[in-house]
């Protein structure tokens with residue numbers, strides 16, 4: 001009888017699952033690096049921005065600067081569009097020479113808008129078919145602009161589907177809006193934030209339709225010339241009337257350095273709904289910082305250090321970390337993309353890296369490489385473009401897709417000249 005019970009116990013032990021106290025840790029899985037071959041292997045493509053149709057994950061739109069490295073003033077803004085998830089692309093060059101700061105958006109209806117900064121004049125273009133064709137006539141929003149960005153209200157609020165473009169215009173915060181997907185624009189507001197030299201950054205929309213415009217102040221006017229502030233000051237203003245009037249400024253942080261900081265918001269109905277996130281890179285501190293606000297910008301967390309580096313080169317070459325991007329998926333997962341040279345002992349080549357947070361920015365997963373080959377922008381055939389855009393631009397592309405994954409897009413010089421690469425990034429829980 002005892003032998004029978006022992007035999008039954010052994011069988012039960014073998015067939016039942018083994019339980020343990022171990023919990024599988026979330027993992028970042030990076031897909032294959034894909035070259036976006038635009039047919040110009042000797043041109044440098046830098047400062048890319050990615051938009052994906054919110055209703056069609058195969059419909060992508062990229063804005064990028066196309067540079068002829070052999071000619072110092074030969075650079076143009078270009079739109080490239082894919083309707084099959086990045087397998088094939090349609091190329092369009094806008095007719096504004098010496099253009100910069102490309103920014104694009106696919107609207108809720110599947111139309112598209114593109115902004116071009118040329119000779120400090122701001123131009124916008126419209127596409128009724130999502131970037132397959134573009135209107136040749138642009139809208140000229142005037143001169144004196146810098147750092148323009150689109151955002152669309154995709155809430156159920158009073159300004160649903162309103163498209164905003166923000167910029168800094170002659171030291172004034174400038175906001176224009178469109179209620180026809182970018183065919184026309186109306187100036188909503190232009191006001192001076194303070195007496196400092198200022199740049200606007202990314203705007204976001206809260207769940208009730210409130211528009212938040214972010215900006216940084218970094219220089220003061222001296223008696224004879226401007227002087228850099230000891231630390232950059234980051235601020236946010238809010239508008240509840242569709243961009244016509246704004247609140248007093250809310251202070252964010254002063255740990256960031258010169259660069260294109262990022263503001264993002266959690267659009268989910270989860271525990272972090274409307275939580276705000278601020279991401280920035282500091283060349284001075286050789287670090288990337290992250291902050292969050294649980295109360296719509298009224299208060300902010302202490303700075304969280306996401307990346308820190310001490311130079312191993314005797315000359316003390318400045319750390320290269322730039323083009324930091326942030327996106328939040330439909331589950332509230334935060335994705336962060338950036339480039340740095342931490343894995344190159346000579347500090348001449350960089351990789352793109354990614355990390356993620358599943359708890360509203362309290363903790364982050366260990367960073368992983370997104371790019372699978374080194375990019376050395378100051379070598380090869382980049383010429384002046386490799387010196388001007390060492391990170392491949394002041395920003396790059398990161399979009400959260402409907403399936404919860406992230407699409408990363410960056411300028412990569414592995415071939416000796418900046419070309420566009422993209423990769424899918426998944427969080428395995």
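Computed from the coordinates by the stated procedures, all read-outs in this text should not be read as laboratory data. Values in this document were obtained by computation on a predicted structure and should not be read as measured data. Methodologically, a virtual Cβ is constructed for each residue, glycine included, from the backbone with ideal geometry; neighbour enumeration extends over all protein chains shown.
Conditions: (1) under 24 Å from the mean Cα position of the chain (by Cα); (2) in contact (Cβ under 8 Å) with a residue 24 or more places away in the chain. Residue 189 meets all but one. Number of the miss?
Of everything listed in (1) under 24 Å from the mean Cα position of the chain (by Cα); (2) in contact (Cβ under 8 Å) with a residue 24 or more places away in the chain, residue 189 misses just condition (1).
Out of (1) under 19 Å from residue 36 (Cβ atoms); (2) part of a loop (DSSP other than H, G, I, E, B), the odd one out for residue 343 is which?
Just one mismatch for residue 343, condition (1).
What are the residues in region 253-279 that are assigned to a strand (DSSP E or B) and more than 12 Å from residue 295 (Cα to Cα), if any?
253, 262, 263, 264, 278, 279
Which condition number in (1) free of Cβ contacts under 8 Å to residues at least 60 places away in the same chain; (2) assigned to a strand (DSSP E or B); (3) under 17 Å from residue 234 (Cα atoms) is the one that residue 123 fails?
(3)
Considering only residues of region 347-370 that are closer than 18 Å to residue 395 by Cα and in a loop (DSSP other than H, G, I, E, B), which is farthest from the chain's Cα centre (by Cα)?
349
Any chance you could count how many residues in region 57-75 are in a loop (DSSP other than H, G, I, E, B) and within 25 Å of residue 428 (Cβ to Cβ)?
Count: 2.
Would it be correct to say that residue 373 is surrounded by fewer than 20 Cβ atoms within 10 Å (Cβ to Cβ), touching a residue at least 40 places away in the same chain (Cβ under 8 Å), part of a loop (DSSP other than H, G, I, E, B) and in contact with a strand residue (DSSP E or B) (Cβ under 9 Å, 6 or more places away or on another chain)?
Working: surrounded by fewer than 20 Cβ atoms within 10 Å (Cβ to Cβ): yes; touching a residue at least 40 places away in the same chain (Cβ under 8 Å): yes; part of a loop (DSSP other than H, G, I, E, B): yes; in contact with a strand residue (DSSP E or B) (Cβ under 9 Å, 6 or more places away or on another chain): yes.
Considered against the rule, which asks whether it is surrounded by fewer than 20 Cβ atoms within 10 Å (Cβ to Cβ), touching a residue at least 40 places away in the same chain (Cβ under 8 Å), part of a loop (DSSP other than H, G, I, E, B) and in contact with a strand residue (DSSP E or B) (Cβ under 9 Å, 6 or more places away or on another chain), residue 373 comes out as yes.
Among the residues that make up region 35-43, is at least one of them over 21 Å from the mean Cα position of the chain (by Cα), in a strand (DSSP E or B) and over 19 Å from residue 400 (Cα atoms)?
No, region 35-43 contains no residue that is over 21 Å from the mean Cα position of the chain (by Cα), in a strand (DSSP E or B) and over 19 Å from residue 400 (Cα atoms).
I want to confirm something. Restricting to region 229-244 and keeping residues that are touching a strand residue (DSSP E or B) at 6+ places or on another chain (Cβ under 6 Å) and crowded, with 20+ Cβ neighbours inside 10 Å, which single residue is nearest to residue 308 (Cα to Cα)? First the steps, then the outcome.
Going through region 229-244, the residues touching a strand residue (DSSP E or B) at 6+ places or on another chain (Cβ under 6 Å) turn out to be 229, 232-239, 243-244.
When the remaining residues are screened for being crowded, with 20+ Cβ neighbours inside 10 Å, the result is 232, 234-237, 239, 243.
Numbers: 232: 19, 234: 21, 235: 24, 236: 26, 237: 30, 239: 35, 243: 37 Å.
Among residues in region 229-244 that are touching a strand residue (DSSP E or B) at 6+ places or on another chain (Cβ under 6 Å) and crowded, with 20+ Cβ neighbours inside 10 Å, the one nearest to residue 308 (Cα to Cα) is 232.
Is region 80-89 home to any residue that is surrounded by 22 or more Cβ atoms within 10 Å (Cβ to Cβ) and either part of a loop (DSSP other than H, G, I, E, B) or under 22 Å from the mean Cα position of the chain (by Cα) (or both)?
Yes, region 80-89 contains at least one residue that is surrounded by 22 or more Cβ atoms within 10 Å (Cβ to Cβ) and either part of a loop (DSSP other than H, G, I, E, B) or under 22 Å from the mean Cα position of the chain (by Cα) (or both).
Quick test of your reading of the structure: residue 382 fulfils all but one of (1) farther than 22 Å from residue 281 by Cα; (2) surrounded by fewer than 24 Cβ atoms within 10 Å (Cβ to Cβ). Name the failing condition by number.
Of everything listed in (1) farther than 22 Å from residue 281 by Cα; (2) surrounded by fewer than 24 Cβ atoms within 10 Å (Cβ to Cβ), residue 382 misses just condition (2).
Quick check on this structure: which one of 335, 393 is farther than 19 Å from residue 31 by Cβ, within 14 Å of the chain's Cα centre (by Cα) and either crowded, with 20+ Cβ neighbours inside 10 Å or without any contact (Cβ under 8 Å) to a residue 12 or more places away in the chain (or both)?
Checking each option against the conditions leaves just 393.
Within region 405-429, restricting attention to residues that are outside any strand (DSSP E or B) and in contact with a strand residue (DSSP E or B) (Cβ under 7 Å, 6 or more places away or on another chain), which residue is nearest to residue 55 (Cα to Cα)? Spell out the reasoning first.
Taking region 405-429 as the starting set, the residues that turn out to be outside any strand (DSSP E or B) are 405, 413-418, 429.
From the residues that got through so far, the ones that are in contact with a strand residue (DSSP E or B) (Cβ under 7 Å, 6 or more places away or on another chain) too are 405, 413-414, 417-418.
Details: 405: 15, 413: 32, 414: 34, 417: 34, 418: 31 Å.
Residue satisfying both the conditions and the ranking: 405.
Can we say residue 175 is within 18 Å of residue 243 (Cα to Cα) and touching a residue at least 40 places away in the same chain (Cβ under 8 Å)?
yes
Is it the case that residue 247 is free of Cβ contacts under 8 Å to residues at least 40 places away in the same chain, farther than 25 Å from residue 101 by Cα and surrounded by fewer than 17 Cβ atoms within 10 Å (Cβ to Cβ)?
yes
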